[in-house]
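The values are calculated or read from the model by the stated rules, or taken from the named source; none is laboratory data. Keep in mind it's a predicted model, so treat the numbers as computed, not measured. Cβ coordinates were reconstructed from backbone atoms using ideal geometry, including for glycine residues, and neighbour counts include every protein chain displayed. These area figures cover heavy atoms from the full protein model, side chains too; ligands, DNA and RNA do not enter into them. Shrake-Rupley method; radii C 1.70, N 1.55, O 1.52, S 1.80 Å.
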Amino acid sequence: MSYSLTDIFGVLPELILVVTAITAILVDVASKGKDSSATMLVTAVGFIVSGIAAISGVGTIGVLMNGAVFQDGFTTAFRAIFCLIGFLTAIFSPAYLHFRNIRLGEYYPLLTMSVLGMMVMVGAANLLLFFIGLETMSISLYILVSLNRTNSKSIEAGMKYLVMGAFSSAFMLYGIALMFAVVGSINYNDITNYFLADPTLGPLTIAAVALLLTGFSFKIAVVPFQFWSVDVYEGAPATVTAFMSTGPKAAAFVVFIRVFGIALHPVASHWTLLLSWIAILTMVFGNVAALRQTNIKRMLAYSSIAHAGYLLVGIVAGNHAAFAATGYYLAAYALMNLGAFAAVIIVNQRHGTDGSYRFDALKGLGFAHPLLGISLTIFMLSLIGLPPTAGFLGKLYVFSAAIETGHIVLAVAGLLNSIIATYYYLRVIVLMYMAKPEGDTTIPRPLPYAITLIVLSVLILLIGVFPEPVISLMIAVAP
Amino acid sequence: MQIELAHYLLLSAVLFGIGVMGVLTRKNLIVIMMSIELMLNAVNLTFIALARYSANIEGQVIVFFVLCIAAAEIAVGLAILIAIWRHRGMMSIDSLKQLKW
């Protein structure tokens with residue numbers, strides 16, 4: 001075993017985040033917990049530097065650390081996206097935390113560690129490193145979810161998340177152990193080679209694949225293991241919900257592509273049908289449940305379940321173009337969902353509506369607050385999947401990949417579900433622009449929210465109109 | 001009787017099953033966390049047995065990482081449990097009924 005400078009520079013974004021997290025803790029200690037704005041600043045700068053380090057790695061392809069880390073387009077693209085998500089979450093959190101009276105400096109180091117875990121996950125080239133990344137991310141999130149200690153909903157959400165998360169991790173780990181028993185190695189490449197040589201499935205292999213699939217289904221919250229996610233999304237502090245419905249989901253999906261799409265591809269015929277049914281049921285469940293919600297936070301939680309269903313279509317399709325499409329859709333989904341949550345958080349600070357997240361709070365805001373109205377409209381159109389947004393192209397690429405590989409039923413199911421989904425997304429726009437404002441429409445307008453909304457809506461339109469650079473990055477490197 | 005790899009795998013499968021049943025059927029949150037620990041340790045046993053019988057040291061290395069992760073997870077879990085105790089005065093999952101779909 002030997003390590004060179006190339007290895008060190010290859011994982012520079014991760015190293016920067018480690019340093020950032022430690023510095024943030026020290027800064028928080030130095031400020032004696034009175035004021036966390038310095039901690040926030042350190043974290044935001046750390047995310048920017050780490051993002052630049054990630055982007056500077058564009059085009060380098062290979063393996064690092066004696067084959068433990070993939071250095072490819074997926075790694076590069078998602079490192080950059082996670083840094084963006086982390087940065088925006090860090091800058092729009094203080095206003096919300098202040099509004100909710102959560103004054104804890106550890107929020108920012110935990111956010112950093114969670115992003116670090118996500119980066120380790122997407123880069124991992126073996127199951128152990130993936131598991132360590134997953135747990136780094138999850139354990140930080142358990143604390144973030146229950147950070148609002150005085151609120152019993154937050155604590156309850158944290159407990160539910162921890163029990164379900166640890167339970168599913170145990171399944172995942174047992175799957176890894178049985179895979180180790182069958183293959184004799186936990187490297188993705190060794191697993192692929194083993195099954196290429198011998199694509200028959202013994203009982204141990206079936207058990208391993210089933211356990212891994214169960215674990216992943218919990219983590220990406222698809223039917224029948226989706227029940228925890230809505231409760232957790234509702235109970236967690238809203239900024240944490242915005243973060244965890246985007247980054248961790250994207251990270252889990254990238255690993256899902258790497259493990260099931262690539263490593264287990266030689267035996268794909270055994271689980272494709274099952275995964276197709278999971279995809280269809282997830283879409284239908286998410287959309288039908290979202291229709292009857294009166295709470296925007298819960299509506300977005302169910303909508304993110306439905307989007308997990310669309311994303312699974314890309315994994316079922318299972319060729320390189322499909323994975324690139326899924327990668328593009330994941331990026332688009334992360335941006336639009338983060339934006340939608342950021343907008344909803346600020347709407348909910350409207351006078352007299354605190355904490356309820358009712359749809360009524362949106363009434364008549366479109367004309368009173370043009371920036372909020374326009375950006376939330378862009379996010380909703382993108383979530384529906386209408387041009388010229390990134391959400392449209394994401395769905396187009398994923399569904400056309402499904403048709404090309406002969407999964408026409410899945411594509412049709414996806415399209416029908418997108419039509420159902422239109423109803424509840426459009427309701428947001430209708431309420432903003434066509435309902436009469438009730439009472440006071442003043443809402444606080446902190447600068448970070450304006451930056452977040454502008455950056456995200458511009459990015460969604462930009463990669464929606466010029467998708468080429470993103471999609472070619474994903475194709476060149478889709479494993 | 002010679003003790004083979006299959007015996008160890010069977011034992012850890014049984015332990016894992018007991019853990020799963022514990023999580024699904026028990027009401028006390030501490031017992032649920034103990035059951036999760038049992039599941040993780042059953043997996044550790046699998047790894048050690050595999051490492052021993054296939055002379056592949058990787059399995060033992062994995063166990064160290066899993067032990068660390070399990071400890072971190074349970075530390076956070078107990079902290080949240082104390083917070084729940086302060087709020088609700090009980091440690092049963094029946095106290096987690098505020099959030100419902």
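What the table below lists for this structure:
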| quantity | calculated |
| --- | --- |
| Residues satisfying the stated conditions in region B:21-50, i.e. among the charged types (D, E, K, R) and exposed (fewer than 15 other Cβ atoms within 10 Å of the Cβ) | B:Lys27 |
| Verdict on A:Phe243 being in contact with a helix residue (DSSP H, G or I) (Cβ under 6 Å, 6 or more places away or on another chain) and within 26 Å of A:Leu84 (Cα to Cα) | yes |
| Members of region A:147-159 found to be facing chain B (nearest Cβ under 8 Å) and open to solvent by less than 10 Å² (accessible area, probe 1.4 Å), listed by number | A:Ile155, A:Glu156, A:Ala157, A:Gly158, A:Met159 |
| Residue in region A:236-252 that is aromatic (Phe, Trp, Tyr), under 30 Å from A:Thr452 (Cα atoms) and buried (at least 24 other Cβ atoms within 10 Å of the Cβ) present | yes |
| Residues being within 14 Å of chain B (Cβ to nearest Cβ), under 18 Å from A:Ala238 (Cβ atoms) and either open to solvent by less than 10 Å² (accessible area, probe 1.4 Å) or assigned to a helix (DSSP H, G or I) (or both) - total across region A:103-127 | 2 |
| Lone qualifier among A:Phe171, A:Phe130 - being more than 7 Å from chain B (Cβ to nearest Cβ), touching a residue at least 40 places away in the same chain (Cβ under 8 Å), open to solvent by 10 Å² or more (accessible area, probe 1.4 Å) and aromatic (Phe, Trp, Tyr) | A:Phe171 |
| Extreme residue, surrounded by the most Cβ atoms within 10 Å (Cβ to Cβ), among residues of region B:51-68 that are free of Cβ contacts under 8 Å to residues at least 12 places away in the same chain and under 18 Å from the mean Cα position of the chain (by Cα) | B:Phe65 |
| Only one of A:Leu144, A:Leu178, A:Leu162, A:Leu213 that is away from chain B (no Cβ under 11 Å), among the aliphatic types (A, V, I, L, M), open to solvent by less than 30 Å² (accessible area, probe 1.4 Å) and outside any loop (DSSP other than H, G, I, E, B) | A:Leu213 |
| Filtered residue count, region A:52-84, keeping only those that are within 21 Å of A:Ser4 (Cβ to Cβ), open to solvent by less than 40 Å² (accessible area, probe 1.4 Å) and not in a strand (DSSP E or B) | 9 |
| Flag if A:Leu410 is aliphatic (A, V, I, L, M), modelled with pLDDT of 90 or more and closer than 23 Å to A:Leu311 by Cβ | yes |
| Answer from A:Ile384, A:Ile345 - the residue that is touching a helix residue (DSSP H, G or I) at 6+ places or on another chain (Cβ under 9 Å) and at pLDDT 90 or above | A:Ile384 |
| Residues that are more than 9 Å from every other protein chain (Cβ to nearest Cβ) and touching a Phe, Trp or Tyr at 6+ places or on another chain (Cβ under 9 Å), drawn from region B:52-75 | B:Arg52, B:Tyr53, B:Gln60, B:Val63 |
| Meets criteria (outside any helix (DSSP H, G or I) and within 24 Å of A:Val254 (Cα to Cα)) for A:Gly439 | no |
| Hits in region A:326-378 - residues which are of a type in the set (Val, Ile, Thr) and open to solvent by 20 Å² or more (accessible area, probe 1.4 Å) | A:Thr353, A:Ile374, A:Thr377, A:Ile378 |
| Candidates A:Val288, A:Val313, A:Val259, filtered to the one that is open to solvent by 10 Å² or more (accessible area, probe 1.4 Å) and over 16 Å from the mean Cα position of the chain (by Cα) | A:Val288 |
| B:Arg86 vs. criteria basic (Lys, Arg), more than 10 Å from chain A (Cβ to nearest Cβ), assigned to a helix (DSSP H, G or I) and open to solvent by 10 Å² or more (accessible area, probe 1.4 Å) | no |
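Yes/no per residue for (1) under 23 Å from the mean Cα position of the chain (by Cα); (2) among the aliphatic types (A, V, I, L, M):
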residue: A:Asn126; (1), (2): yes, no
residue: A:Leu129; (1), (2): yes, yes
residue: A:Leu134; (1), (2): yes, yes
residue: A:Ala166; (1), (2): yes, yes
residue: A:Tyr174; (1), (2): no, no
